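The values are calculated or read from the model by the stated rules, or taken from the named source; none is laboratory data. Please read these numbers as outputs of a predicted model, since none were measured by experiment. Neighbour counts are summed over all protein chains in view; Cβ atoms, including those assigned to glycine, are modelled from backbone coordinates with ideal geometry. Surface accessibility is based on the protein's heavy atoms, side chains included, excluding ligands, DNA and RNA. Shrake-Rupley method; radii C 1.70, N 1.55, O 1.52, S 1.80 Å.
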Amino acid sequence: MAKAQEFSVVGQRVVRVEGYDKVTGEARYVADVRLPGMLFGKILRSPFPHARILNIDTSKAEKVRGVKAVVTAEDTVKRPWGAFFADQYPLSVGKVRYIGEEVAAVAAIDPDTAEEALDLIEVEYEELPAVFDAEQAMQEGAPLIHDNKPRNTAMTIDVERGDIQKAFTESDLTVEDTFESIPQWHCAIETIGSVAEYAPSGKYTIYMNTQTLFMARYRIAAALGVRETDVRVIQSAVGGGFGGKSCDDNNAMVAAILARKTGKPVKTINSREDEFLAGSRPRVNMKISVKMGFKKDGKIRAKQLRIIADNGAYSGKAPAITGVAALRHDTCYKYSDVKTQAYLVYTNKIPTGAFRGFGNPSAEWAVEQAIDQAAHELGIDPAEIARVNAAEPGYVSPHGNRVTSCELRQCIDRVEKMMEWKKKRAEKKPRIGLGLACTVHVSGKRHFGDYDGGSATIKINEDGKALILCGEGEVGQGAATAMCQIAAEELGIPMEDVEISQADTDLTTFCLGAFGSRVTYVGGNAVKDAATKAKQQILAMASEMLEARADDLVIEHGKVYVRGAEAKAVTVADVARARLFRRGGSPIVASGSFDADSVLPDETRYGNESGAYNFACQAAEVGVDTETGQVKVLKYVAASDCGTVINPIGAEGQVEGSVAQGLGYALIEGLRMEEGRPINPNFSDYRVPSMRDMPDLAHAFARSYEPTGPFGAKGLGELGMDPTAAVISNAIFDAVGVRVKTLPITPEKVLQALKEKVK
Amino acid sequence: MVKFEYFEPNSLEEACALLKEHGEDARLIAGGTALIIMMRQRLLNPRVVISLADIPDFDFIRFDAKDGLRIGAGARHRDIELAPVVQEHYPLLYETFRKVAQPRIRNMGTIGGNLVQGDPLTDPGASLIALDAKITLRNAGGHRVIPVENFFVDYYQTDLQPGEILTEIHVPPSLPGLAWAHIKFLPRSQEDFATVGVALTMRLNGDRCQDIRLAFNSVAPIIMRAKRAEEILRRQKVDDDRVGKMAEVASTEVDPMDDNRGSAEYKRELVRVLVRRAVKQALERSATGKQGAKQASAPA
Ligand SMILES: Cc1cc2nc3c(=O)[nH]c(=O)nc-3n(C[C@H](O)[C@H](O)[C@H](O)COP(=O)(O)OP(=O)(O)OC[C@H]3O[C@@H](n4cnc5c(N)ncnc54)[C@H](O)[C@@H]3O)c2cc1C
């Protein structure tokens, strides 16, 4: 097993490559993009959860001085689009399905004028009966939201592996319960925005803060009815995505439609209110019934899930998210017999979608509590029950997921140690409790067609500096830095000698982008492949210059020399120049690619979904105020197995940020709606944890090496928030013996549960 | 935001004159932390905005042992929090202002804007009521002085009359040995508005309570004083029974509503718990004689 110490750049605590720009305010976010003649777009949204549009009169709005265009569906090709199911339009066609849906839009010389014009657009609606609860929406006779989706069911999963009936009969203990999760908003510091330009030749250029450029291009092209190449997406600096900027919303489409109609660049930036209503799609909320069978020694014998997932009005990524909730956890522990039924159901609410964790934080909220419950009932230490069931290298899940590297047990050990678990358990104090949970996540997942690959190009400039051209993009998570480290390591040049380009669909090759904890693993492998190939070109040229066999050469700190004869070195710059400036010369440039060794799951959802799996264990110590119900997290520990840690600073940031979002999910967040209208769509009513709210947090990274990863690395970005809600709930149970089964665990609910317990 | 005309008068007289001239169309702006949000959401669309930023000496903080504390309406939360005279003589105020939002807001928002906004979720009002503070309201024709507790009329409504400017807050001289407590119950985030806010002052004589003032924020349409609850303890021996009774009465005196911070019923329950805790804290402070700011307790 290779260790980080063997590397010179990988594993070092390096400063963010885009850090200087960000702290000095130089970084160009989409709001900073100003093009000559640029107009400002504003969107008119549906005030009704479900209504037919009878007529739209834009004439008054058009007359406002400074208004350049008002657009409705009549200005579009009326072609539906969507990540998995084409079920939404850029501007409503015929009817609206949720409060906030884009009905019309205005471009004007300034935002205030555009807003003024919005008020003058007259829309005649015929209200339709609406349905807000997923279970009710599945009933016969419920209002139909999409004509082609009977019982409002977008998707059904029904999978059984092994013999579930028999497995339950053979169990010594069965636990059963139902848990509900919530739609959680990303609350990225920067809202979604776009600046679109349209050239009469037919090409759209769109600056946007997306996490997934090429997928955005694909969807925008579909919505506009043009070819992919007719849309150029350029990524601006991105102020946080967390899944919310993976282009399931209409912001960029509307900007493009307005740009085409006006012939001017148009900027549409979501206000915070827009963002809550129809920007980043909040986490898919689910109702999860879990039934699990255990042997006396704590070994899991059977698991059965029934999930009702709330899709909201349009699908976005919810189908894949529901799939993850239904099946993913079966890779965390050694399962044999499992059954899972999941229903993804349309409702007249804000569409739900991708958020860090992608279904895991919902499923694990239920499953990890059931396991904890079993541990308590069997009188087994929760850390022990996790340990006896933990996946290990070579494990193949009932659904065909193949685990290569896995250090889950090590994570459990590290958590026990950091938390002083055994000691604290032995000296249990009243109203203070410990909880723990584990998780598994993928490092990229094959689901948008049979490809989970990445590609990158590296060119070596005449001064010896390498430039990575890559379309995966940087969303604030540190991917660009990790890629530069990987390239520097492979090329043998210092970190300062590596740069990475802005992601741009016209200039970089196809990449799926930042989702599924994939960029370091998949994109990193592609960069490494490009670097290997560029290195071969360097070595071939240097071998001529040094009159030595390429095999005998090493590149270190930007110098090439014959092993053992460092004094007679040439620099990479010398090599690049020599190769270029000669008759028939050529630059050093190489393209690399990688496609994970996974398979597209079959119709029974069997198949290894990812190239590598990452694991984590987390634990919390909480104190519960039994008079007010308030839960205070006294200490939190997180141990992660992400293979080789490429940049410890970045990795620690990922874990800290994930835990913060996880604690918000567990204790305070959640979109609340009444009749389809959000009642907390602002930062006064919707709180996220602030710096001051973070508990004492300790983290550790397992000694681990993923053989298929770049220098042994695998994914990390989502792992940290998957188990957190369950961790907290398990700790509360340990402290005061109650479980709150709906998120968030508010003090009021805790107090209520305590009262019921006394009864 | 709807377009508006903007003035920066250089004196109170000028500001009053402008207010008079533009009447209903005009709005004063101090720190803007409350007003701008409402204007951006187009809940308020004033045609004229009059800034108080250039009024000289509008943010003073002066203390005199005989007269007490006088604070200009333009003083920012942060100015008040950090003023040595406040920390030394009015630990309850220090404790309150350090818990207002976070430094970004405290550096912008003013005490005048805070009170005039009439937002029942905000903190300073309850503590000012507990300290029996008064405010000065001025218009083009003269001025009047009223107790803070009479200023709050209804949800987001105060007794500020058209043409009036709040100019000064006056807190009576600090009494040596005054027992006090402030609890801002913040289960969601340290930067949130209070789910329940309690401000309490008690004058003690041995184990008797000579006088008491108990005020709340976040549990009624206004920042309110709980007079019926106070009566349970006023001129009585302070014991668990009476304190419990006072807490009980307080929980019926408040008039909370359901919101994102909890149900009305839960907030009443919290009032019961937090009143008892506030008395306990106040007694502990007075028993140890440690009333200074440094001993201020963490939020509940
Ligand atoms: C994110 C956030 C968090 C907050 N958290 C808290 C908290 O935890 N606790 C808390 O107590 N408060 C909190 N607040 C509220 C904050 O204290 C007030 O917004 C602030 O004090 C208002 O003062 P201002 O100077 O900004 O008022 P402005 O916004 O300038 O004005 C507010 C209103 O008062 C009027 N006005 C201003 N000055 C005068 C005057 N001298 N005479 C007459 N009328 C006047 C204005 O016309 C306007 O109607 C928070 C606010 C925000 C935005």
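Key figures
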{"quantity": "Mean separation of Cα contacts under 8 Å, 6 or more apart, over the residue count of chain A: relative contact order %", "calculated": "16 percent"}
{"quantity": "Value of [θ]222 nm, deg cm²/dmol, for chain A, DSSP H segments ≥ 4, -39500 (n - 2.57) each, nearest 500", "calculated": "-8000 deg cm²/dmol"}
{"quantity": "Shielding score for A:580-586, defined as the mean number of other chain Cβ atoms within 10 Å", "calculated": "0"}
{"quantity": "Cut-off under 5 Å, modelled amide H: who pairs with A:Phe701 long-range", "calculated": "A:Ser640"}
{"quantity": "Overall Cα dimensions of chain A, principal axis frame, Å, largest first", "calculated": "88, 73, 47"}
{"quantity": "Loop GluC sites (Glu not before Pro), the range A:543-651 (other Cβ atoms within 10 Å of the site Cβ: 12 or fewer; DSSP)", "calculated": "A:Glu547, A:Glu603"}
{"quantity": "Global form of chain B, assessed from the alpha-carbon gyration tensor, a/c cut-off 1.5", "calculated": "prolate"}
{"quantity": "Against the rule of thumb 2.2 N^0.38 Å, how large the Cα Rg of the range B:54-133 comes out", "calculated": "1.01"}
{"quantity": "Under-5 Å amide H pairs with A:Thr210, H placed in peptide plane, nonlocal only", "calculated": "A:Ser236"}
{"quantity": "The range A:114-180 - percent of accessible surface contributed by carbon and sulfur, probe 1.4 Å", "calculated": "41 percent"}
{"quantity": "Positive-end extreme of charge dipole, the range B:5-51 - chosen from B:Ser51, B:Gly32, B:Leu18 (charges on Cβ)", "calculated": "B:Gly32"}
{"quantity": "Mean accessible surface per residue for the protein assembly as shown, computed with a 1.4 Å probe while every protein chain stays in place, in Å²", "calculated": "38 Å²"}
{"quantity": "Burial of 20 Å² or greater, the range A:688-704 residues [accessible area, probe 1.4 Å, versus chain by itself]", "calculated": "A:Ser690, A:Arg692, A:Asp693"}
{"quantity": "Of A:Lys632/B:Lys280; A:Lys299/A:Lys635; A:Lys334/A:Lys714, pairs whose Cα-Cα distance is over 26 Å", "calculated": "A:Lys299/A:Lys635"}
{"quantity": "Directionally averaged projected area (convex hull, Cα atoms, the range A:289-442), nm²", "calculated": "10.2 nm²"}
{"quantity": "The range A:1-104, accessible surface, carbon-and-sulfur percent (1.4 angstrom probe)", "calculated": "49 percent"}
{"quantity": "Kirkwood estimate for the range A:513-643, i.e. one over the average of 1/r between Cα atoms, Å", "calculated": "19.6 Å"}
{"quantity": "Alpha-carbon Rg/Rh ratio, for the range A:299-345, with Rh computed the Kirkwood way", "calculated": "1.06"}
{"quantity": "Solvent-accessible area lost in complex, 30 Å² minimum, residues of the range B:183-218 relative to chain alone, 1.4 Å", "calculated": "B:Phe185, B:Pro187, B:Arg188, B:Ser189, B:Gln190, B:Glu191"}
{"quantity": "Anchor A:Lys741: lysines whose Cα lies under 16 Å away (excluding residues fewer than 8 positions away in-chain)", "calculated": "A:Lys287, A:Lys291, A:Lys749, A:Lys755, A:Lys757"}
{"quantity": "Relative contact order computed over chain B (Cα-Cα under 8 Å; 6+ residues apart), in percent", "calculated": "16 percent"}
{"quantity": "Distribution of pairwise C-alpha distances over the range B:77-174, 5 Å bins, in %", "calculated": "2, 13, 24, 25, 19, 12, 4, 0"}
{"quantity": "Dipole in debye (nearest 20) - the range B:125-243, about Cα centre, beta carbon charges: Lys, Arg +1; Asp, Glu -1", "calculated": "260 debye"}
{"quantity": "Cβ neighbours within 10 Å from other chains - mean over A:747-754", "calculated": "4"}
{"quantity": "From phi via Karplus (6.51, -1.76, 1.60), per-residue ³J(HN,Hα) for the range B:208-221 in Hz, x at Gly/Pro", "calculated": "9, 9, 6, 8, 8, 9, 10, 9, 10, 10, 6, 10, 6, x"}
{"quantity": "Pairwise centroid distance, computed over Cα atoms, of the range B:142-157 with the range A:195-223, Å", "calculated": "56 Å"}
{"quantity": "DSSP beta bridge pairing in the protein assembly as shown, given as percent antiparallel to the nearest 5", "calculated": "80 percent"}
{"quantity": "Separation in nanometres of the label points that stand 7 Å from Cα toward Cβ, at B:Ser263 and A:Met694", "calculated": "3.5 nm"}
{"quantity": "Accessible carbon and sulfur surface of the range A:292-384 relative to its total accessible area, %, 1.4 Å", "calculated": "48 percent"}
{"quantity": "Label point distance in nm, B:Glu231-B:Thr288, each placed 7 Å from Cα along Cα→Cβ", "calculated": "3.5 nm"}
{"quantity": "Selection from A:Ile679, A:Gly709, A:Leu697, by position along the positive dipole direction of the range A:621-759 (Cβ)", "calculated": "A:Ile679"}
{"quantity": "Kirkwood Rh, Cα atoms: Rg over Rh of the range B:5-51", "calculated": "0.97"}
{"quantity": "Occluded residues from the range B:238-275, i.e. those whose accessible area drops by 40 Å² or more once the chain is not alone (1.4 Å probe)", "calculated": "B:Asn260, B:Tyr266, B:Glu269"}
{"quantity": "Amide H contacts of B:Val153 (H built 1.01 Å from N, under 5 Å, at least 5 apart or other chain)", "calculated": "B:Thr158, B:Asp159"}
{"quantity": "Semi-axes of the equivalent ellipsoid for the range B:179-294, Cα gyration tensor, largest first, Å", "calculated": "24, 16, 11"}
{"quantity": "Chain A - charge dipole about Cα centre, Lys and Arg +1 at Cβ, Asp and Glu -1, debye rounded to 20", "calculated": "500 debye"}
{"quantity": "Chains B and A, summed buried accessible surface - 1.4 Å probe, Å², nearest 100", "calculated": "2300 Å²"}
{"quantity": "The range A:607-707: proportion of alpha-carbon pairs further apart than 18 angstrom, %", "calculated": "60 percent"}
{"quantity": "Sequence-distant aspartates and glutamates (8 or more away, or on other chains) whose Cα lies within less than 19 Å of B:Lys20", "calculated": "B:Glu5, B:Glu8, B:Asp54, B:Asp159, B:Glu164"}
